[in-house]
Amino acid sequence: MKPIGEKLRRFLDSERQRILSSCTACGKCYEVCPMPEYIEQKDGRTPAQITAGVLGLLRDGSAEGTALDWVKVCMRTGCCVPACPENVNPKMMLRLGKMIALGGLGGEKLIASKEDRDYFPRIRAFAELQLSPAEVKEWLE
């Protein structure tokens, strides 16, 4: 499998920095999210503390408890996006958090991925159906 493309890595890093500099960890995104009811073990943290935990994951690759579980159960419904007073795009915040937690950006793997050997090749094939050859070269190689 080919590593993530350099241009995509730069984009993800810039999004991570944008989120870290804009998010106030108010917790409004967590409050409107339909997925926390599927978190098996809640640790009593407030929505603001949980959001701050996700920011910790983006900042230094560490998270635990409900913050990590929220990243794990996120289905990217987008309910969080209009709730954010800072226009952070919490859906992107959680997606980046999940990539980091899965070890997909080179850090420690904090959550297990589904055992599906064909998952990433299918993603690449799907991307290649939608992107021009120049875009594939620019973003995926």
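The values are calculated or read from the model by the stated rules, or taken from the named source; none is laboratory data. Keep in mind it's a predicted model, so treat the numbers as computed, not measured. We place every Cβ from the backbone using ideal geometry, glycine too, and count neighbours over all the protein chains shown. Accessible surface is based on the protein model in full, side chains and every heavy atom, while ligands, DNA and RNA are left aside. Shrake-Rupley method; radii C 1.70, N 1.55, O 1.52, S 1.80 Å.
Some points to look at:
- Close Cβ contacts (under 8 Å, 6 or more residues apart or on different chains) running from residues in segment 48-62 that are on the phi > 0 side of the Ramachandran plot to residues that are surrounded by fewer than 16 Cβ atoms within 10 Å (Cβ to Cβ) comprise 61/107; 61/108.
- Subset of segment 22-46 (residues that are closer than 18 Å to residue 75 by Cβ and not charged (D, E, K, R)): 29, 30, 32, 33, 34, 35, 36, 38, 39
- Boolean, residue 14 is small (Gly, Ala, Ser), assigned to a helix (DSSP H, G or I) and either within 30 Å of residue 134 (Cβ to Cβ) or in contact with an Asp or Glu (Cβ under 7 Å, 6 or more places away or on another chain) (or both): yes
- Residues (farther than 14 Å from residue 16 by Cβ and touching a residue at least 40 places away in the same chain (Cβ under 8 Å)) located in segment 64-73: 68, 70
- Residue within segment 124-131 that is polar (S, T, N, Q) and closer than 19 Å to residue 10 by Cα present: no
- Picking from residues in segment 19-31 that are in contact (Cβ under 8 Å) with a residue 40 or more places away in the chain and assigned to a helix (DSSP H, G or I), the one that is farthest from residue 138 (Cα to Cα) is 31.
- Among the numbered conditions (1) more than 30 Å from residue 139 (Cβ to Cβ); (2) open to solvent by 30 Å² or more (accessible area, probe 1.4 Å), the only one that residue 16 does not meet is (1).
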